[in-house]
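One structure is given here, and the rest of the page talks about it.
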Amino acid sequence: MLFTDSIAALSSGHLPSGVAIIRISGPHVRFAIETISGSLPKPRLAHYGPLHASDGRRIDQALTLFFPGPNSFTGEDCGEFQVHGGRAVVATLLTEISGLPGFRQAEAGEFTRRAFLNGKIDLLEAEALADLVNAETEAQRQFAVLNSGGVQSELYLGWRKRLIHARAMIEAEMDFADEADVPGSVSSQVWRDVGLLIEEIQRHIDSYGKAEMIRDGFDVVILGAPNAGKSSLLNSLLRREAAIVTDEAGTTRDLVEAVLDLDGLKVRITDTAGLREPAGKVEAIGIERARERAKGADLVVLLEDMSSPGEELDVPSGIRTVRVGNKLDLATGPAADRYAATISTKSGEGIDSLLKIVSEMAGEAIGQRGDVLPSRLRHVELLQEASVYLGSALSTQDSLLELKAENLRLASDRIGKLSGAVDVEDLLDVIFSQFCIGK
């Protein structure tokens with residue numbers, strides 16, 4: 001796609017910084033580089049020299065790079081100015097570039113959008129780049145790198161090719177049943193493969209929860225009676241004061257959430273109000289929030305006071321639970337066998353063992369980090385629609401081959417929308433608006 005305007009933006013981090021990168025792209029890039037740096041560097045070779053404003057003032061000593069299209073990120077001429085990362089330097093350079101004919105400030109995600117529209121990447125790879133930019137943990141980075149390398153695209157492209165082949169065979173049977181080079185009946189082979197494809201797609205859809213855990217975090221909720229040490233446990237796990245701790249029962253009345261990085265996995269830990277009856281009006285609201293939060297958790301840490309054991313608390317059914325005994329330093333008897341771990345938030349004893357348990361459970365829940373997973377809800381929705389159309393194709397009477405072929409076409413279109421192979425114009429603004437300006 002040919003764009004008539006050129007764009008510019010700061011593509012590096014927050015200012016001030018040691019180095020700032022100004023990225024430009026479009027048909028006026030050569031003119032901009034020659035005007036500001038005095039000459040056009042050899043492609044993909046950095047040139048060090050002064051940058052000048054239109055009135056002759058020196059802006060900075062900088063590195064300048066030129067990437068001629070189509071062998072560039074966006075598929076059109078691109079350039080970079082690597083300057084010192086002072087706010088005044090960057091502001092002056094961007095002002096000079098914006099003042100050149102045909103230039104304007106880039107919108108959020110516009111560089112990546114141009115790369116997509118110019119066929120340099122597909123929609124799945126564009127989304128993976130956004131994930132890579134936002135990655136906070138090693139698992140998130142690995143997941144994003146895997147998808148940006150095209151493994152998702154390869155999987156969905158393979159499915160779409162199988163559907164196109166199946167549709168071609170069915171239409172051949174409809175239109176050329178009397179021709180010698182067309183098999184007398186390909187239906188059994190085609191529909192057997194469609195049935196297998198439905199199973200593959202459903203298994204893939206079912207793995208979306210793992211992708212959510214990688215991106216949003218493995219969700220751990222701490223439950224326990226008042227004064228069991230839940231807030232102290234949260235502080236011990238984080239090794240900082242994230243929650244208020246007092247001897248007064250009912251101090252925590254709302255959810256307190258924090259994030260840990262355990263062996264490269266994002267783990268969200270939530271401290272909750274102590275569970276007891278009866279409770280005051282405000283405390284009762286906190287208790288209800290605690291119970292609701294636990295229902296959606298991936299793991300519940302049920303904390304009990306070993307120095308003063310009370311009645312066992314109810315835990316939401318179907319949620320994995322780890323029973324932990326606290327106040328080991330005050331316990332008089334031997335540790336009960338019912339505890340998966342015994343700790344002392346005061347001395348720190350047992351905290352590392354508990355972290356190891358949580359880390360192992362998180363890793364088990366997420367599974368192999370190299371698995372191909374649907375990384376967006378829109379992927380799941382389109383795959384579910386495709387699966388419904390495939391199911392309709394299988395259930396339609398064999399005599400109605402036209403309807404069966406149409407359902408195959410609709411299913412392949414839904415899978416094509418995943419990578420942008422089929423019109424997705426209505427999605428582009430939503431997807432690329434999530435990027436930062438310089439990407």
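The values are calculated or read from the model by the stated rules, or taken from the named source; none is laboratory data. Quick caveat, the model's predicted, so the values are computed rather than measured. Virtual Cβ from ideal backbone geometry, glycine too; neighbours counted across all protein chains shown. For accessibility, only protein heavy atoms count, side chains too; no ligands or nucleic acids. Shrake-Rupley method; radii C 1.70, N 1.55, O 1.52, S 1.80 Å.
Once phi is turned into θ = phi - 60°, what whole-Hz ³J(HN,Hα) does the Karplus curve with 6.51, -1.76 and 1.60 give for every residue of region 34-41, x standing for Gly and Pro?
So the J values, rounded to whole Hz, are 5, 5, 8, 9, x, 7, 9, x.
Using only the Cα atoms, work out Rg/Rh for region 81-170, with Rh taken as the Kirkwood radius, to two decimals. Can you show the working numbers first?
Working: Rg = 19.5 Å, Rh = 16.4 Å.
Result: Rg/Rh = 1.18.
Distance in nm between label sites at Arg44 and Leu117, each 7 Å beyond Cα in the beta-carbon direction?
2.6 nm
Rounded to the nearest 0.05, what FRET efficiency do Asp55 and Leu400 have when you use their Cβ-Cβ distance and R0 = 45 Å? Don't skip to the answer; put the middle values down first.
Details: r = 75 Å, r/R0 = 1.67.
For R0 = 45 Å, the calculated efficiency reads 0.05.
Quick check on packing: order 52-59, 297-304 by the mean number of other C-beta atoms within 10 Å, highest mean leading.
Working: 52-59: 11.8, 297-304: 23.0.
In decreasing order of mean packing, 52-59, 297-304 become 297-304, 52-59.
Grab the Cα-Cα distance for Glu360 and Arg203, subtract it from 0.36 nm times how many residues apart they are, and report the gain in nm with one decimal. Mind dumping the intermediate values first?
Details: separation 157, 0.36 × 157 = 56.52 nm, distance 2.35 nm.
Once the chain is fully extended between Glu360 and Arg203, it gains 54.2 nm.
Is the shape of region 1-84 rounded, prolate or oblate, going by the alpha carbon gyration tensor and its root eigenvalues a ≥ b ≥ c, with a/c under 1.5 for rounded and a/b larger than b/c for prolate? Don't skip to the answer; put the middle values down first.
On the way: a/c = 1.65, a/b = 1.34, b/c = 1.22.
Here region 1-84 falls in the prolate category.
Which FRET efficiency value, to the nearest 0.05, is calculated for Val133 and Asp371 with the Förster distance at 35 angstrom and r the Cβ-Cβ distance? Write down the numbers at each step before the final one.
On the way: r = 22 Å, r/R0 = 0.63.
The computed FRET efficiency comes out at 0.95.
Would you check the accessible area of Glu292, probe 1.4 Å, heavy atoms only, in square angstrom rounded to 10?
90 Å²
Express in nm, to one decimal, how much length is gained between Leu330 and Ala168 on full extension, taking 0.36 nm for each residue of separation and deducting their alpha carbon distance. Intermediate values should be presented prior to the final figure.
Details: separation 162, 0.36 × 162 = 58.32 nm, distance 7.43 nm.
So the chain would gain 50.9 nm between Leu330 and Ala168.
Per 10 Å bin, what is the whole-percent P(r) computed from every C-alpha pair distance within region 16-157?
That works out to 11, 35, 32, 17, 4, 0, in percent per bin.
Between Leu255 and Arg192, 0.36 nm times their residue separation minus their Cα-Cα distance comes to what? Spell out each step's value before the answer.
On the way: separation 63, 0.36 × 63 = 22.68 nm, distance 5.08 nm.
In short, 17.6 nm is gained.
Going by average Cβ density within 10 Å per residue, which order do the peptides 35-45, 371-381 take, highest to lowest? Display every interim value, and only then the final one.
Numbers: 35-45: 14.7, 371-381: 18.4.
Those peptides, ordered most packed to least, come out 371-381, 35-45.
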